[in-house]
1. Failed condition for Val189, given (1) farther than 25 Å from Asn240 by Cα; (2) of a type in the set (A, V, I, L, M, F, W, C); (3) more than 16 Å from the ligand (Cβ to nearest atom), with all others met?
2. For Ser42, all conditions in the list (1) open to solvent by less than 20 Å² (accessible area, probe 1.4 Å); (2) within 30 Å of Ala321 (Cα to Cα) hold save one; what is the number of the exception?
3. Scanning segment 56-87 for residues that are of a type in the set (Gly, Ala, Ser) and in a loop (DSSP other than H, G, I, E, B), which turns out nearest to the ligand (Cβ to nearest atom)?
4. Provide a single number: the residues in segment 341-364 that are acidic (Asp, Glu), part of a helix (DSSP H, G or I) and open to solvent by 50 Å² or more (accessible area, probe 1.4 Å).
5. Please tell me if Asp195 is charged (D, E, K, R) and farther than 30 Å from Glu16 by Cβ.
6. Please verify whether Ala150 is of a type outside the set (Phe, Trp, Tyr), away from the ligand (no atom under 16 Å from the Cβ) and touching a residue at least 60 places away in the same chain (Cβ under 8 Å), treating the condition exactly as stated.
7. Restricting to segment 168-182, name every residue that is more than 11 Å from the ligand (Cβ to nearest atom) and either in a loop (DSSP other than H, G, I, E, B) or buried (at least 24 other Cβ atoms within 10 Å of the Cβ) (or both).
8. If I go through segment 319-340 residue by residue, how many of them are surrounded by fewer than 18 Cβ atoms within 10 Å (Cβ to Cβ), touching a helix residue (DSSP H, G or I) at 6+ places or on another chain (Cβ under 8 Å) and modelled with pLDDT of 90 or more?
Amino acid sequence: MKIYLDNAATTPMDQEVIDAIIPIMQNNFGNPSSVHSFGRSSRAIIEKARKKVAAYINAAPSEIVFTGGGTEADNLVIRGAVDDLGVTHIITSKIEHHAVIDTSEIVGAKHNIKVSFVSFDEKGYVDIASLERLLEENKDKKTLVSLMHANNEISNKLPLKRVIDICKSYGVYFHSDTVQTMCHYKFDVRELGIDFLTCSAHKFHGPKGIGFLYINENIQLKPIITGGAQERNVRAGTENIMGIVGLTKAMEVAYRDLDAHQTHIQGLKNYMIEQLEEIIPDVRFNGDPKGDSLYTVLNVQFPNSDMDEMLLYNFDIEGIAVSGGSACSSGSNIGSHVLKNIGCDMTKPALRFSFSKYNTKEELDYTLNVIKELFAVKV
Ligand code: PLP
C-alpha cells in the first residue's frame, strides 16, 4: 500500500488539469510574442487564463504576473520592494518559507537594510503587538511587511485582514505568502486591500514550476529576470503556456469544489487528531491544530522512543509518505527552523502529515495502525 500524506510539499496533478494541458502541448506551440496566427492563438489562451485567475481573487488581469512558482514570486516582491519601491526596512518572521527569510536577509545584507522579526505567542501565532511595536519604532522608514497566511509546517494562520489594516494604518507595503492557502480559502484582494500575494500551482493539484504574483495596480515593480518584455515587463522569458493553463484549470477545479474538499480534508485532520490522542496518550501537536489552523496540515510531536532518528524512514518503509518538516528537511525535526523558532520541544521527534482531497479515512486507518505497531501501543 502506498499512501501520500505530504501534500504540503506538493500534490498530485488532477486528471482534469492533465486533460486541459494535453491539447495545449499538441496544438499550441506558437510563441505568444509572435504576431502570426500561431502566436496570437497562444497569446489569447494566456490572456484568457490571466482573466480567469484574476477573477478568482477579485483582481484586475493586469495585476497578475505569472512566475516560475512561489519562490520566484516571493523573490520578486522582496527584491522589487527594495530595488524599485525604495523600501529600507523589512519586517518578516523567522517561520516564513526560506524564499522569504533568505531573500530578506540577502537583500538586507547587500543593501544595508534592517530586517526585523516579529515574535510569537506560546501557541506559535504571530504576536500582533510585536508587529505594531516594530512598525511604531520604525515609523521613519519605508517598510515592507511580509508574513505568510498559513505556515507550511505547523499550519497556524495569520489574521490576514487585521494585519493588513494595521499595516495600512502605518502606510507600509504588505505581502503575504499564500502558497499554502491559495485555492484552500477564498481571497478578495479588493476587500483585503493587500499589496502582494504569492501563489504556486503545485500546492493545489496543478503543475510544478508555475505560479503567480498579485501586484496591486498602484505598484510598479521592475523584473528580476530580464531579457524580454513579457508579463508587462515584470517577468522576462517566453511564457509557460502549459503551466499557465494547468494552473488556471487547477484553480477552477479547486474553487468549484472548495466547500466539499474543505469539509472532507478538515474531517480527515480531526479524525487523525482524535485517533492519535486515543492511541498515544502523550502525543502532542506543534502549532495550534484545533485553533485557527490550515486544515490540510497537522504537525505531530511523538514521544521519545528508540527510533527517534528513524521515524520518518519507518513510515517510508511502510509505504507512507510524510515529512519531517518542510520538504527540504530530512529524517526528523532537527533543522526545522519553524519548530525551533516557535519554541517547540526539539528533543521530541515531529512529523508533518498533510492531506488532500484524494486521501481517505481508510488510508488514515492504515497509517494509524502502522503508528500503533511502531509505538507498540495496546488498544
Ligand atoms: N512558500 C511556501 C509557504 C511554501 O510552502 C513553498 C513550497 O514549499 C514555497 C513558498 C515555494 O513555492 P515553489 O515550490 O512553487 O517555489
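1. (1)
2. So the condition that Ser42 fails would be (2).
3. Among those that are of a type in the set (Gly, Ala, Ser) and in a loop (DSSP other than H, G, I, E, B), it is Gly69.
4. 1
5. So Asp195 passes the test.
6. no
7. Tyr170, Gly171, Val172, Phe174, His175, listed by residue number.
8. Looking only at that region, the number is 2.
The values are calculated or read from the model by the stated rules, or taken from the named source; none is laboratory data. Given the structure is predicted, the values throughout are model-derived calculations rather than measurements. Every residue, glycine as well, gets a Cβ built from its backbone with ideal geometry; the counts of neighbours run over all protein chains shown. Surface areas here come from the heavy atoms of the whole protein model, side chains and all, with no ligands, DNA or RNA. Shrake-Rupley method; radii C 1.70, N 1.55, O 1.52, S 1.80 Å.
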